[in-house]
1. Please identify the pairs in which a residue from segment 23-43 that is of a type outside the set (A, V, I, L, M) has its Cβ atom under 9 Å from the Cβ atom of a residue that is modelled with pLDDT of 85 or more and exposed (fewer than 11 other Cβ atoms within 10 Å of the Cβ), counting only partners at least 6 apart or on another chain.
2. Here's a check for you: in segment 5-57, which residue that is part of a loop (DSSP other than H, G, I, E, B) and either surrounded by 10 or more Cβ atoms within 10 Å (Cβ to Cβ) or touching a Lys or Arg at 6+ places or on another chain (Cβ under 6 Å) (or both) is modelled with the lowest pLDDT?
Amino acid sequence: MSANDVITSDESRDGYLKLLVTAAVTHRERHLQPFVICWLITFYKYLLFIALQRLLY
């Protein structure tokens with residue numbers, strides 16, 4: 001699943017978040033913090049996108 005995919009249902013969003021949290025915890029031990037930072041930026045962009053969509057439509 002790429003960061004550009006639009007997630008519509010809450011279930012798939014929750015599954016996506018669980019997957020990313022698991023990945024972040026696993027990769028933390030491998031010192032891949034840039035991965036976590038990039039994910040957080042993407043996540044906030046996603047939240048902003050959803051907020052804008054709800055305001056406009």
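1. Going by the 9 Å Cβ cut-off, there are no qualifying pairs.
2. Filtering first and then ranking leaves Ile7.
The values are calculated or read from the model by the stated rules, or taken from the named source; none is laboratory data. All values reported here derive from a predicted model rather than from experimental measurement. Cβ: placed from backbone, ideal geometry, glycine included. Neighbour counts: every protein chain shown.
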